[in-house]
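Accompanying notes for the structure given below.
The values are calculated or read from the model by the stated rules, or taken from the named source; none is laboratory data. These numbers come from a predicted model, not from an experiment. Don't worry about glycine lacking a Cβ; one is built from the backbone with ideal geometry, like all the others, and counts go over all protein chains shown. When the accessible area is computed, the model is the full protein with side chains, heavy atoms only, and any ligands, DNA or RNA have been set aside. Shrake-Rupley method; radii C 1.70, N 1.55, O 1.52, S 1.80 Å.
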Amino acid sequence: MQNSNIASLARLTEQFERLPGIGQKTAARLAYYVLKMPEQDAEKFAAAILDAHKSVHCCKICCDLTDKEICPICADDKRDKSIICVVEDPRDVLVLERTHEFNVSYHVLHGAISPMKGILPDMLKIKELMARLHDDTVKEVVMATNTTVEGETTAVYLSKLIKPLGIKVTRLAFGLPVGGDIQYADEVTLARAFLGRNEI
């Protein structure tokens, strides 16, 4: 990196480079941008990172990210608690909510089963999901995991755990491309996929 002899600038660039999707050139550009910030703005930027890191945690019910004990969706009495939509990532909840078609509860796994990457079932929020299914409230679990090999593996694995409980298990249907991520699908495609879900 240019000016790599400036240790603090090199460290800042390295930290940006650790972010997903950020290469060396973009990391350097971000580092220089931060250096040009007024000191007050740089302090606000750093404080926002630290504040989010300290205050944001998993909802004790659905495992989505929140700064409260229970997230706003779980706290909403108007939500259909009989349907749980299972997603891999907190960002998927935001995308699904933008469709305004999902008046349901969610459960965030924080990943997908991938033995090749060393991600095993006990590393995901599966135990927390199963704990939600042991009363008569939940009638259906919708698998909204990504249409990747890992997402499909996770959906099938969960289906085998849930079906013996007498709960209907469905999968988002047409409109989602194989190998695609939920968060990159548009609202209409997601709405149609939800309405056309199939039992698995």
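Tabulated data
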item: Leu50/Ile70 FRET efficiency (R0 25 Å; Cβ-Cβ; nearest 0.05); result: 0.60
item: Accessible surface of the chain [probe 1.4 Å, protein heavy atoms]: carbon and sulfur percent; result: 56
item: Computed accessible area, Glu43, all protein chains, 1.4 angstrom probe, square angstrom; result: 110
item: The chain - charge dipole about Cα centre, Lys and Arg +1 at Cβ, Asp and Glu -1, debye rounded to 20; result: 280
item: Trypsin sites (Lys or Arg not before Pro) restricted to DSSP loop in the range 36-87 with at most 15 other C-beta within 10 Å; result: Lys60, Lys68, Lys78
item: Potential lengthening between Lys25 and Lys163 on full extension [0.36 nm per residue; Cα-Cα distance subtracted]; result: 44.8 nm
item: GNM result for the chain, Cα springs below 10 Å: residue of Pro121, Pro38, Pro20 fluctuating most strongly; result: Pro20
item: Heavy atoms of Asp122 accessible to a 1.4 Å probe, total area in Å² rounded to 10; result: 130
item: Accessible area expressed per residue, the chain, with surrounding protein chains retained (probe 1.4 Å, Å²); result: 60
item: In Å², nearest 10: area of Phe16 left accessible to a 1.4 Å probe; result: 30
item: Accessible area in the full protein assembly, largest first, 1.4 Å probe, for Cys85, Cys74; result: Cys74, Cys85
item: Over 32 Å (Cα to Cα) - which of Lys68/Lys127; Lys44/Lys117; Lys60/Lys117; Lys25/Lys68; Lys54/Lys125 fall in this group; result: Lys44/Lys117; Lys25/Lys68
item: Among Val108, Val95, Cys59 the positive-end extreme of the charge dipole of the chain (Cβ point charges); result: Val108
item: Over the chain, equivalent-ellipsoid semi-axes from the Cα gyration tensor in Å; result: 37, 19, 16
